[in-house]
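Structure record follows, encoded as structure tokens.
No value in this document is a laboratory result; all are computed from the given coordinates. None of the values given here were measured: they were computed from a predicted structure. Cβ placement follows ideal geometry from the backbone for every residue including glycine, while neighbour counts extend to all protein chains displayed.
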Amino acid sequence: MFGFIKNAFTSRRDHADCSGCSLCLLVCPVWRQSRDISLTPHGRAKAMQHGDAVDAASVESCTLCMACEPVCPEKIDQVGMILDLRRLQAPTSARDELQAHMTGLASRPVASRPAASTTLLPDSALRAHPDTLARVTILLGDKNISVADDDGSDISQALEVGADIPAQCLEQFLTPLRLHKKIIVADGLLLRHLKLWLPKARIASLGEALSGHAEVRRSLRTTDLYVIEPRAYHSDYQRLVKHYDRLRVNHGCAFNLDLQRIAIPATARNLSQRLGLAAHDDEAHARWVLHGRSITRIVVESLEDRAAFEKVSDIPVVHLAELADGISDV
Amino acid sequence: MTTATSERTSIEHGTIGPCHVGPDSLIDIKRQQTNPSRWKGESWSAFAAALCDFGIELRESVAARGTFATDAGGTAYGLPHGVVIARSAVQVSLLLKAAQQHRVPVTVRGGGLTTEGESVAFGGVLLDMTGMSRVLHIDTEALTVRTEAGIFWHSLAEELRRVNMDYLSAPLNLTSSVGGTLGVGGIDVNSPRLGCSADQALALQVVTPTGDIVECSDTHNAELFQRVILGYGQFGVITEATLKIRRYTPLRMHYFYYDSLRTAIEDMQLLNRNDASDYSGILTIMDCAVNLLVAFDSDEREAAFKANWQPKLRGHGEFGFALRMALRYALRPWKLGEAWFLFKRKRDIFPEFRRSEYLRDGLMHDRTVVFSRAVWKFWGSKQMVIPDLATSADKFVEAVERGNQVCRKYFPHYTLYLVGIKLRPEHKPHYEMSCIPSDAEGWAYGCEFEPMIDGHVYSRDHLQSFKNAIYDIGVELGGSYYRFGGMMKGYIRRVFGDEVVDRHLAMKRRADPAMILNREVIF
């Protein structure tokens, strides 16, 4: 229905299609910080249109928040474009190590018929917080959900750094997922690709799954700021913009959405920052999310965001899974 | 003939010579405006060295320059020798001083939404103003905002909305910049009530072509203020602006449908004359499917409209108009293709204006987002040709009807966007040699004629002939244009007359001795 917000999954369009409208600048966190067009999708597309190599700093600067994709009127595969550029870049030690790790994997765990109909792929931040992970699984229906042993974090990281993913390695990751009726994914970048790799599967983000829980919804207040995890949201924007709008209508909380209903990231990290090679500067992004708002609580879908807000604000920050009163601490 | 040629060749580059073409001699003759010649770069190295001495980053890679190779129009192409991202008024001042000294052309670019190459650099340095995009101060009591001028209106709106404020009027395009808009006008659907966007400026910080940083307003350095507002970038670079703002309100929207352009225009003018609505504008799908948009900021204004003015409008509601169209095409089965086009456009466009995330309790929120997304989705492409006409109220119907005939001749499908502009008598000095016609009183009216390119390939001659045919109407009617600069500057003397043009040229020469600032736009 809305052509401009369709993702480029169906027909891949590339830099040659960029008309230079600059709409991507308006939602780009890198642009917000730098005001430098060369570090934006617009700048990269124009560089390529003129047959020039895209500056390595520009390729690395992208935070892969994916906000540029739903606003692009030319439906350019912005994420695919930046991942391709990263693949074409000179190898880095981080990429080499990851590549070696994946190639060296003899095999992933053997898939067996799952007992649960739904599988959860937590991200590394959620795994690092077992209490929160336990609350998540209880909320999502303890008996019907299993936490995947292989959550694809290495595949996600390979995507991020532009490393090749061996076909066998990918297939071994996907095979058990095919046996589940529903897949819930915490990592937004992985979610985007799972939708491409498993087009028939029912795949939902962790944020969507938790915010659909009646108990969680009941706990939302009108003075809450609900912080959507941008990657997952933008990778399924057309559908999720309606989901969160219903949440706003029914519960009255504010969201980290801009006037275009694009999610403003509280943590926006470039490649070096993602790999831990450079200090991140989440504070500026988190401050902009909070700027001018009158709120009493921050509700986050991502644990990374919680850390960012706790650094810049005294307002209580809770994870979505911590909202449901009916669950005792685990 | 020989004399004329010799006169032309003796004219100094960067000026407009006398027009040797009789006022009626170009009618119906195909002709082409072309890119200006490229500056040869004689003193570029010395200029680049000067910037380096000042600590100004100059980008000379193909990628950096290629980013700005064209504008939204996509018909003018040129490469600067280098690009500088504006960071401060002091930096812009140093750059302009060096440019004057070395006679290097400076092209200033905001959102790059010009269509005739006005923001394309044909050599020299391109100054990317979007680097100056900070909001400096919002005063919610005095209802003003001070902002750096390279900011996109949408980015300004994002900041204002955090404190429940909004700008007064801005182009229905998310990536227009504040500085660029103040330099040319800026039309919104509330312009019939509030005037053009440039009318909302209270004060400016301007860097003159010789590098002086000057604060100006209608009461302080008024002459500079009057020249910079609507001045097409000839008299300075706007680096900061103080603008009026207001409390944010969503819109109560109404749509009325007409099968006659004339009737729709007459009704729109009726509303404007009587201050019957807060917003109004006309958008066509075809010339027999015309939409008059009317909107309000408050329930009170809406109720007054419903009681006093709605009964006088001759437009139809959506259902009534659909029935009328069904009857029209039932009686004209050979025009079923046209009916199918109308149906498809309605099916595609209408939902765009009714997206649930922008509609709450029947009110439209964030109208600029809704309109701008629709503009880029349905009318945006790599090439955009949008000639326009601006006239006084009494000449407007004729101008639009004649322009419509031109569109029919050149393109199968096109859109017209019509809006009124309330004139501010105290701003008359701002309006001289601008898009505001000199004979307009009370309101000026503007119409954009936008062919739907839709992947078709048209020759540049075809597009240029179309634009000339539209602009010739303006000359005949004594109107003006929004887009008379850049490749269309051949019309300037014909439209404004020698006396006005020569006076402005003299002012330009005094302000910009080396004629370096935005040199191919007007002069």
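Miscellaneous remarks
- All other residues whose Cβ lies under 10 angstrom from that of A:VAL227 are scored, Lys and Arg at +1 and Asp and Glu at -1, for a net of -3.
- Using just its DSSP H runs of length 4 or more, each adding -39500 (n - 2.57), chain A gives a mean residue ellipticity at 222 nm of -12500 deg cm²/dmol after division by all residues.
- Cα shape, region B:406-523, gyration tensor, a/c 1.5 rule: oblate
- Span from the region A:129-144 Cα centroid across to the region A:50-65 one, whole angstrom: 39 Å
- Around A:LEU210: net Lys/Arg minus Asp/Glu count, Cβ-Cβ under 11 Å: -3
- Among B:TYR77, B:TYR491, the order by Cβ neighbours within 10 angstrom, fewest to most, reads B:TYR77, B:TYR491.
- 10 Å binning of all Cα-Cα separations within region A:2-88, expressed as whole percents from 0 upward: 19, 58, 23, 1
- Aspartates and glutamates whose Cα lies under 16 Å from that of B:LYS346, excluding same-chain neighbours fewer than 8 positions away: B:ASP259, B:ASP287, B:GLU318, B:GLU338
- Treating each Cα of region B:252-488 as an identical point scatterer and summing with the Debye formula, the log10 of I(q)/I(0) at q = 0.14 Å⁻¹ comes to -1.01.
- Compared with the alpha-carbon gap, the fully stretched path from A:ASN250 to A:ALA201 is longer by 14.8 nm at 0.36 nm per residue.
- For a 4.7 Å threshold on C-beta separation, the list of partnerless cysteines in chain A reads A:CYS18, A:CYS21, A:CYS28, A:CYS62, A:CYS65, A:CYS72, A:CYS169, A:CYS253.
- 41 Å tail of the calculated P(r), the protein assembly as shown, as % of Cα pairs: 39 percent
- When the alpha-carbon atoms of chain B are used, the pair Rg, Dmax equals 23.0, 75 angstrom.
- Alpha-carbon spread of region A:95-208, three principal axes, descending order, Å: 39, 28, 23
- Cα centroid of region B:138-192 to Cα centroid of region B:51-100, whole Å: 25 Å
- Out-of-range pairs (alpha-carbon distance over 30 Å; input A:LYS75/A:LYS200; B:LYS97/B:LYS467; B:LYS244/B:LYS489; A:LYS46/A:LYS200; B:LYS382/B:LYS409; A:LYS46/B:LYS377): B:LYS97/B:LYS467; B:LYS244/B:LYS489; A:LYS46/A:LYS200
- In the protein assembly as shown, the DSSP beta bridges split such that about 65 percent are antiparallel, to the nearest 5.
- From the largest down, region B:131-247 spans 39, 28, 27 angstrom on the principal axes of its Cα atoms.
- Prolate/oblate/rounded label for chain A (Cα gyration tensor, a/c 1.5): oblate
- Between the C-alpha center of region B:451-523 and that of region B:384-413 there is a gap of 17 Å.
- Summed side-chain charge close to B:LYS244 - residues other than B:LYS244 whose Cβ falls under 11 Å, Lys, Arg +1, Asp, Glu -1: -2
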